[in-house]
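Novice: Quick one: the structure is below, and I'll ask about it shortly.
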């Protein structure tokens, strides 16, 4: 029975992944900042919760070592922890920007580094990064969020080369619009308080963004893509899942910039 570590397991994609892997017979280490609040996994005999904060290096090292001691081996690490900042960039403070990158990029890198140390010593493993279709294309008012996901894409694509000799695979799962707390309580939306010049633009963009989230796919579809990536023995790097990601990424690949930008503007009526 293989062991998987999943960060950000308290909600959304992370929680769905815990259930998917538990049902598939894996031993699951579900990590989160406040495991004492988690009640939904208590009936799952092959799931154990651990405290882990991806912004704290010591927390990561301690949790992964405890998990390795408990289960004997870590076969897969899923870097799912993250959240979204959107809104007007001009209004974003250094603190907002740094916190977004600290969780979505540096936290993922900290987890990846510690996972590599463990997997290299055990002669193999798989690291799965939960990125986004927004790691290869961009929408209005998501500049900071896109910045983090584009960073994850470049970091992981480069990393695959140096880890291949150690039998460590890296994978990127790129969800489309998924119905999670990304559009709800975990969302951080920033607008200026000293000017209203962005108001009309924001209203148009936010309307479509929220409609997209409301009509998004269930996190379970992403969990199945993660399961597929975890079971894979090939070198496929990217797994695109959830509407409208496959279509939009295909269009982004083949359309010239100017035409793709016109398509985005027309969608938002801006």
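Quick note: the coordinates plus some simple rules give every number you see, no bench work behind them. Note that the coordinates shown come from a computational prediction; the quantities given were computed from them, not determined experimentally. Counting neighbours? That spans all protein chains shown, and the Cβs are built from the backbone with ideal geometry, glycine included.
Novice: Multiplying the sequence separation of residue 196 and residue 233 by 0.36 nm and subtracting their Cα-Cα distance, what value in nm do you get?
Specialist: Details: separation 37, 0.36 × 37 = 13.32 nm, distance 5.29 nm.
Separation in residues times 0.36 nm, less the Cα-Cα distance, equals 8.0 nm.
Novice: Of the candidates 59, 11, 158, which one comes out as most mobile in a Gaussian network treatment of the chain with C-alpha springs shorter than 10 Å?
Specialist: Comparing 59, 11, 158 in the GNM, the peak value goes to 158.
Novice: Using only DSSP helix segments of four residues or longer, with each worth -39500 (n - 2.57), what per-residue ellipticity at 222 nm results for the chain after dividing by its residue count and rounding to 500?
Specialist: Working: 9 runs with 121 residues, N = 270.
After summing the helix terms and dividing by the residues of the chain, the value is -14500 deg cm²/dmol.
Novice: Right, next: For an R0 of 22 angstrom, estimate the FRET efficiency from the Cβ-Cβ distance between residue 121 and residue 56 and round to the nearest 0.05. Mind showing how you got there, number by number?
Specialist: Numbers: r = 23 Å, r/R0 = 1.02.
Working from the Cβ atoms, E equals 0.45.
Novice: State the extension gain, in nm to one decimal, for the chain segment bounded by residue 45 and residue 215, taking 0.36 nm per residue of separation less the distance between their alpha-carbons.
Specialist: Working: separation 170, 0.36 × 170 = 61.20 nm, distance 3.34 nm.
Here the answer is 57.9 nm.
Novice: Right, next: Take the chain, connect every pair of alpha-carbon atoms lying under 10 Å apart with a spring to form a Gaussian network, then pick out the residue of 143, 132, 93 with the largest mean-square fluctuation.
Specialist: 93
Novice: Of 15, 37, 243, which is the most mobile in a GNM of the chain whose springs link Cα atoms less than 10 angstrom apart?
Specialist: 37
Novice: Would you mind ranking 109, 1, 133 by Cβ crowding within 10 Å, fewest neighbours first? Mind dumping the intermediate values first?
Specialist: On the way: 109 18, 1 8, 133 24.
In increasing order of surrounding Cβ atoms, one gets 1, 109, 133.
Novice: In whole angstrom, note down how far apart the Cα centers of segment 20-46 and segment 85-142 are.
Specialist: Segment 20-46 and segment 85-142 have Cα centres separated by 23 Å.
Novice: What's the extension gain from residue 37 to residue 262 if we count 0.36 nm per residue and subtract their Cα-Cα distance?
Specialist: Values: separation 225, 0.36 × 225 = 81.00 nm, distance 4.56 nm.
Gain on extension, residue 37 to residue 262, equals 76.4 nm.
Novice: Same structure, new question: Let a ≥ b ≥ c be the square roots of the eigenvalues of the Cα gyration tensor of segment 173-270; is it rounded (a/c under 1.5), or, if not, prolate (a/b larger than b/c) or oblate? Please list the in-between numbers first.
Specialist: Numbers: a/c = 2.72, a/b = 1.55, b/c = 1.76.
Taking the square roots of the gyration eigenvalues as a ≥ b ≥ c, segment 173-270 is oblate.
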